[in-house]
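To keep things clear, I will list the structure first and then write my remarks on it.
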Amino acid sequence: MRIGFIGLGNMGAPMAVNLARAGHEVTGFDVAGVSVDGVKMAASAVDAVDGKEAVITMLPNGAILRSVYEEIVPAGAPGASFIDCSTVDVDSARAAHELAAKAGLLSVDAPVSGGIGGAAAGTLTFMAGGSDAAFAKAAPLFDIMGQKAVHCGEAGAGQAAKICNNMILGISMIGVCEAFALADKLGLDRQKMFDVVSTSSGSCWSVNTYCPAPGVGPQSPADNDYKPGFAADLMLKDLNLSQQAAAAANAPTPLGQHATEIYEAFVGEGGKGRDFSAVLPWLSGKGRD
Ligand code: NAD
């Protein structure tokens with residue numbers, strides 16, 4: 001298949017590499033002017049989309065997604081399928097679907113979970129919103145980039161699932177960082193702490209797969225000086241999305257709200273551009289008050 005891939009950052013680049021390795025002809029575009037193994041780089045987003053059967057976007061936020069879609073949808077080839085894997089607000093996802101539908105193109109919002117490790121290993125989970133036809137057309141590509149794809153419902157349903165998932169992740173990462181920082185102050189060895197928690201009732205993805213303590217557990221951004229990975233400012237974006245959605249739906253999310261405030265403080269105090277697990281060294285450097 002001829003695939004256009006726009007947004008080749010921490011996530012997009014390894015996803016595009018996996019599509020190319022699977023034998024697809026992938027043409028990429030990123031404003032940062034990156035180069036990616038096996039991917040032919042185009043001079044513009046429109047060039048990357050021209051004549052492609054599938055177009056994948058992996059962009060930072062809803063405003064950028066909307067402006068990129070305004071630009072690329074008119075260049076979509078007849079019958080092309082547009083697949084947006086970015087994490088964005090439900091309204092931007094629906095606006096993107098509408099633009100595609102008006103141009104007679106199939107579209108899915110298909111945000112992912114699994115982090116950069118999952119993107120590189122091709123083990124992401126996709127949560128998709130859109131018509132049955134659009135999901136069916138995208139499914140073989142999800143199979144290459146991921147291990148599971150759930151069709152959550154109509155346009156925007158994938159983003160709804162994603163912000164709920166990431167609200168859990170933000171809360172759990174803070175909980176894990178607090179526990180490691182407390183364990184340090186209680187004189188516990190971090191490796192022992194990992195050995196216990198990773199096989200006990202405190203185990204979760206934030207410990208077992210993405211441990212925020214360097215040198216223990218599997219390789220994670222903590223072992224790479226907290227370079228993202230998943231940047232704290234992107235986590236803050238997702239938590240803000242969860243709180244906007246909770247306000248609109250009148251849903252109580254007290255821990256989600258507190259996690260948003262904690263990431264706001266962390267990003268404001270040097271966390272911007274660091275991995276979201278760097279809450280651990282940030283907390284470790286603080287006293288109780
Ligand atoms: P990133 O910042 O590393 O990558 C985004 C890329 O988009 C950058 O390379 C940037 O140059 C490019 N870009 C920005 N504007 C553009 C434009 N107008 N045209 C073309 N390219 C443009 O971010 P990421 O970590 O790869 O995340 C991408 C999306 O995936 C975000 O929505 C994020 O919330 C979501 N996500 C990230 C992770 C993670 O672990 N990093 C996990 C799941 C979902």
Name, by its number, the condition in (1) modelled with pLDDT of 95 or more; (2) more than 18 Å from Pro60 (Cα to Cα); (3) surrounded by fewer than 15 Cβ atoms within 10 Å (Cβ to Cβ) that does not hold for Ala248. (1)
Which residue, of Ile72, Ile64, is within 15 Å of the ligand (Cβ to nearest atom), part of a helix (DSSP H, G or I) and either more than 18 Å from the chain's Cα centre (by Cα) or at pLDDT below 95 (or both)? Ile72
Criterion (surrounded by fewer than 24 Cβ atoms within 10 Å (Cβ to Cβ), more than 10 Å from the ligand (Cβ to nearest atom) and either of a type in the set (Lys, Arg) or in contact (Cβ under 8 Å) with a residue 12 or more places away in the chain (or both)) met by exactly one of Ala42, Ala32: Ala42
Checking Val216 against (1) among the aliphatic types (A, V, I, L, M); (2) under 28 Å from Ser198 (Cβ atoms); (3) within 11 Å of the ligand (Cβ to nearest atom), only one condition comes out false. Which one? (3)
Is it the case that the stretch 239-262 has a residue that's within 16 Å of the ligand (Cβ to nearest atom), of a type in the set (A, V, I, L, M) and in contact with a Lys or Arg (Cβ under 9 Å, 6 or more places away or on another chain)? yes
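If you scan the stretch 90-139, which residues turn out to be of a type in the set (Val, Ile, Thr) and either under 24 Å from Glu70 (Cβ atoms) or out of contact with any Ser or Thr (no Cβ under 6 Å at 6 or more places or on another chain) (or both)?
Initially, the stretch 90-139 is screened for residues of a type in the set (Val, Ile, Thr), giving 90, 108, 112, 116, 123, 125.
Within the stretch 90-139, Val90, Val108, Val112, Ile116, Thr123 qualify.
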Considering the stretch 104-163 alone, what residues qualify as being more than 16 Å from the ligand (Cβ to nearest atom) and part of a strand (DSSP E or B)? Leu106, Ser107, His151, Gly153
Could you figure out which of (1) on the phi > 0 side of the Ramachandran plot; (2) surrounded by fewer than 19 Cβ atoms within 10 Å (Cβ to Cβ); (3) without any contact (Cβ under 8 Å) to a residue 24 or more places away in the chain isn't true of Gly215? (3)
Reported set for the stretch 84-103 where residues are modelled with pLDDT of 95 or more, assigned to a loop (DSSP other than H, G, I, E, B) and of a type in the set (D, E, K, R) is none
Being buried (at least 17 other Cβ atoms within 10 Å of the Cβ) and in a helix (DSSP H, G or I) is the filter here, so list the residues in the stretch 1-29 that pass it. Gly12, Ala13, Pro14, Met15, Ala16, Val17, Asn18, Leu19, Ala20
Is at least one residue of the stretch 142-159 in contact with a His (Cβ under 9 Å, 6 or more places away or on another chain), of a type in the set (Phe, Trp, Tyr) and buried (at least 20 other Cβ atoms within 10 Å of the Cβ)? no
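The values are calculated or read from the model by the stated rules, or taken from the named source; none is laboratory data. What you see is a predicted model, and the numbers here were worked out from it, not measured in a lab. Methodologically, a virtual Cβ is constructed for each residue, glycine included, from the backbone with ideal geometry; neighbour enumeration extends over all protein chains shown.
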